[in-house]
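What follows is one structure encoded as structure tokens, with my remarks underneath.
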Amino acid sequence: QQQVKQSPQSLIVQKGGISIINCAYENTAFDYFPWYQQFPGKGPALLIAIRPDVSEKKEGRFTISFNKSAKQFSLHIMDSQPGDSATYFCAAAGGSNYKLTFGKGTLLTVNP
Amino acid sequence: ETGVTQTPRHLVMGMTNKKSLKCEQHLGHNAMYWYKQSAKKPLELMFVYNFKEQTENNSVPSRFSPECPNSSHLFLHLHTLQPEDSALYLCASSQHRGSNEKLFFGSGTQLSVL
């Protein structure tokens, strides 16, 4: 299967809180897991990505946690800010399928 | 800006109209893509071009016709569309066509079919 399941569909967090978005995949051949961030009126932009040879990758306030055995990965946004309010998409690719398979997206709202 | 420019930003067309979406990338990339974004759905890959050659057509109806005259320009020609084709159409580019390639997206064309 090519599906990537993303949850929750929407998330409201207070400023300074931690935002957590989860994704699960089926295809064990996937070996590249990016997260894209999309602001209203803009196209998605790559935020951070991970490969399965590491269990965690951190860039500033953004961290990807990867669990290969569970076939799950998640995005953690520490100290969430109103400027982080956007739609976040997880994706996966690899093996014979070079195409990115996207999740349905999570609308994050960070309240001041 | 991402270096990928799409025009027009908004388009309203009737079911019998013919229109075209344009995409231009200034990044020197070799691969270009058309995606369809509908509410509460994953981004749907429509077409892929690599070095101006179409390498992927994801069972897209023939009322959508892509054209890639060179590595910097991509068009999506539209004719006799249906209301369910209303969506945000995104163009993207990447250095190469590969599974770990970073995609650079344009801001999209919001299409409404009446």
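Quick note: the coordinates plus some simple rules give every number you see, no bench work behind them. Computed from a predicted model, the values in this text were never measured in an experiment. Here the Cβ is made from the backbone with ideal geometry for all residues, glycine too, and neighbour counts use every protein chain on show.
Of the peptides B:41-50, A:85-94, B:1-10, the ranking by mean beta-carbon count within 10 Å, highest at the top, reads A:85-94, B:41-50, B:1-10. In the protein assembly as shown, taking the dipole from charged Cβ atoms about the Cα centre, the farthest positive-side position among B:Y89, A:Q72, B:G28 is held by B:Y89.
Between A:A49 and A:R61, what length in nm is gained on full extension when 0.36 nm per residue of separation is reduced by their alpha carbon distance? If you can, show how the numbers build up before the last one.
Values: separation 12, 0.36 × 12 = 4.32 nm, distance 1.39 nm.
Contour length minus Cα-Cα distance gives 2.9 nm.
What you get for chain A, charging only the Cβ of Lys and Arg (+1) and of Asp and Glu (-1), is a dipole of about 120 debye around the Cα centre. For region B:57-66, backbone phi angles converted through the Karplus equation (6.51, -1.76, 1.60; θ = phi - 60°) give residue-by-residue couplings of 9, 7, 6, 7, x, 5, 5, 10, 10, x Hz, Gly and Pro being listed as x. Computed from the Cβ-Cβ distance with R0 of 25 Å, the FRET efficiency linking B:S59 to B:H10 stands at 0.40. Counting only DSSP beta bridges whose two residues both lie in chain B, roughly 90 percent are antiparallel.
Here is the short version for chain B: B:C68 have no other Cys C-beta closer than 4.7 Å. Taking amide H atoms as placed 1.01 Å from N in the peptide plane, the amide H of B:E56 lies under 5 Å from those of B:V48, each 5 or more residues away in sequence or on another chain. Among A:S65, A:S80, A:S55, the residue with the largest mean-square fluctuation in a Gaussian network model of chain A, with springs joining Cα atoms closer than 10 Å, is A:S55. Annotation: lysines with alpha-carbon distance below 26 angstrom to B:K52 (same-chain offsets under eight excluded): A:K42, A:K99, B:K18, B:K19, B:K22, B:K36, B:K102. Considering only B:Y49, B:S72, B:H10, and ranking their Cα positions along the charge dipole of chain B that arises from unit charges at the beta-carbon of Lys, Arg, Asp and Glu, the one farthest toward the positive end is B:H10. Our summary of shape: the Cα atoms of region A:4-111 have principal axis extents of 41, 28, 21 Å, ordered from largest down, in whole angstrom. Here the protein assembly as shown is assigned +1 on the Cβ of each Lys and Arg and -1 on the Cβ of each Asp and Glu. Its dipole about the Cα centre then comes out at about 260 debye.
Pairs of Cα atoms under 8 Å, at least six residues apart: use those to get the relative contact order of chain A, whole percent. Mind showing how you got there, number by number?
Working: 283 pairs, mean separation 42.0, N = 112.
Answer for chain A is 37 percent.
Rounded to the nearest 20, the size of the Cβ-charge dipole of chain B about its Cα centre is 200 debye, with Lys and Arg at +1 and Asp and Glu at -1.
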